[in-house]
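Read the figures in this text as sums done on the coordinates, not as results from a lab. Quick caveat: nothing in here was measured; it's all calculated off a predicted structure. When we count neighbours, we look across all protein chains shown, and the Cβ atoms used for this are built from the backbone with ideal geometry, even at glycine.
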């Protein structure tokens with residue numbers, strides 16, 4: 001086992017546009033490998049459902065070009081996960097084409113490992129019948145009907161597929177949906193470092209410099225992993241890691257600050273220590289890894305819901321603001337009757353979704369909001385989701401018209417109650433998806449869920 005590994009994370013999502021000068025600073029430090037998360041489900045189910053990138057292709061290519069040239073020049077590995085958004089096959093294929101372009105334009109030669117992880121519906125149904133798929137608690141138990149509704153289903157790979165790709169001879173590995181941490185844990189685990197430290201280091205690396213006091217997910221950090229600890233430091237001289245900022249990021253996206261689950265086990269951070277080495281660098285120790293006796297892989301899937309049209313408006317009328325709850329109910333009542341008048345029995349109440357979101361009342365918290373309305377102005381977003389674009393637009397037009405013009409007690413102006421933000425007033429926002437699968441699949445071999453290709457570029 002080497003005495004240390006020095007790991008570079010470009011940013012929290014490749015395509016954010018990390019500063020090139022901070023990569024150059026890192027390259028002076030004898031790095032062991034480069035990595036970056038290239039996507040996530042943080043951006044919502046649309047990107048998984050549609051199979052489209054979350055960042056622009058141009059932004060991804062810029063960042064990937066810098067990392068690829070640096071990795072090949074230094075003769076060190078480059079690992080990217082969840083390309084270029086949700087990590088489904090369509091998005092990963094876009095990343096492959098980008099790397100082919102870079103190789104041709106920059107006259108580079110290397111072996112590219114590509115790890116696909118999209119799952120076949122019939123395979124999933126078979127696993128469900130065998131009792132191998134289980135709910136994580138916040139979605140119902142899976143059904144075959146729900147599997148059929150899924151547009152794309154991906155399996156979140158751990159570190160094993162990365163290691164297999166390098167065994168096959170890859171210089172660079174780009175992967176479909178991964179856990180963010182596995183990108184960085186793979187090579188340290190293979191080198192013999194403590195898995196608890198390796199996985200925890202990955203947790204700090206996954207979002208780039210988001211673990212700094214300044215919270216900068218678009219910037220770069222380096223972790224130096226040693227036998228019994230690791231050190232984390234930003235590459236931007238204006239950023240600072242502190243024990244609090246590093247410890248806080250260990251809680252990021254987790255229900256517990258002490259128990260963090262990954263494919264094959266759990267990080268136990270109960271005994272962790274976070275110590276300042278300087279005003280910019282922090283030492284972390286005491287991380288432990290507890291293997292799971294049953295290897296579980298998380299499944300993610302998105303299903304099509306309908307088509308969305310929105311209208312954005314605002315009001316400053318104190319009389320209207322004081323009775324906005326009653327006003328909303330009158331809009332809903334009018335809309336229901338108007339849809340029935342226009343479409344009869346062909347459109348039922350549950351054929352569409354109507355949301356009346358009031359920013360300044362409970363637009364963020366919804367029904368969980370406890371504060372009374374105190375705003376001097378309100379922003380209102382009308383949202384309609386319906387089975388077709390035509391129906392979505394039609395119902396939104398009804399809702400917008402009556403929200404703009406309906407009467408209310410004490411009304412003094414007949415010109416309209418709302419200021420509409422844009423023209424056209426109704427904005428068609430395209431297809432809508434939601435997550436219908438966030439379940440765990442029991443596997444004997446984590447490599448059985450991936451398909452690894454080796455391309456010579």
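Structural remarks
- Rounded tilt (10° steps) of 182-191 against the dominant C-alpha axis of the chain: 10 degrees
- Centroid-to-centroid separation of the range 59-99 and the range 119-194 [C-alpha atoms, Å]: 19 Å
- Degrees between helix 389-405 axis and first principal axis of the chain (Cα, 0 to 90, nearest 10): 60 degrees
- Between helix 195-205 and the chain: long-axis angle, C-alpha atoms, 0 to 90°, nearest 10: 50 degrees
- Shown for 106, 101: other C-beta atoms within 10 Å of each C-beta, ranked fewest to most, produce the order 106, 101.
- Helix-derived mean residue ellipticity, 222 nm - over the chain, DSSP H n ≥ 4, -39500 (n - 2.57), to 500: -9500 deg cm²/dmol
- Tensor-based shape of the range 1-52 (alpha-carbon gyration tensor, a/c under 1.5 rounded, otherwise prolate or oblate): oblate
- Ranking of 251, 435 by neighbouring Cβ atoms within 10 Å, starting from the fewest: 251, 435.
- The range 257-300 residues near the modelled residue 1 label - backbone nitrogen below 18 Å, point 7 Å along Cα→Cβ: 266-269, 272-273, 284-291
- Put in order of Cβ neighbour count within 10 Å, fewest first, the listed residues 353, 324 become 353, 324.
- Shape call, the range 306-434: gyration tensor on alpha carbons, a/c limit 1.5: prolate
- Using 0.36 nm per residue and subtracting the Cα-Cα separation, the extra length available between residue 408 and residue 275 on full extension is 41.8 nm.
- Over the chain, relative contact order from alpha-carbon pairs under 8 Å, at least 6 apart, %: 19 percent
- Whether the range 273-365 is rounded, prolate or oblate, judged on the alpha carbon gyration tensor where a/c under 1.5 counts as rounded: oblate
- Structure-derived P(r) over Cα pairs in 20 Å bins from 0, in percent - corresponding label in (i) 23, 46, 27, 4; (ii) 19, 36, 29, 14, 2; (iii) 20, 31, 19, 19, 11, 1: (i)
- The range 287-340 and the range 355-372 have their alpha-carbon centroids 11 Å apart.
- Two-site label geometry, residue 227 and residue 143: point separation in nm, points 7 Å out along Cα→Cβ: 5.7 nm
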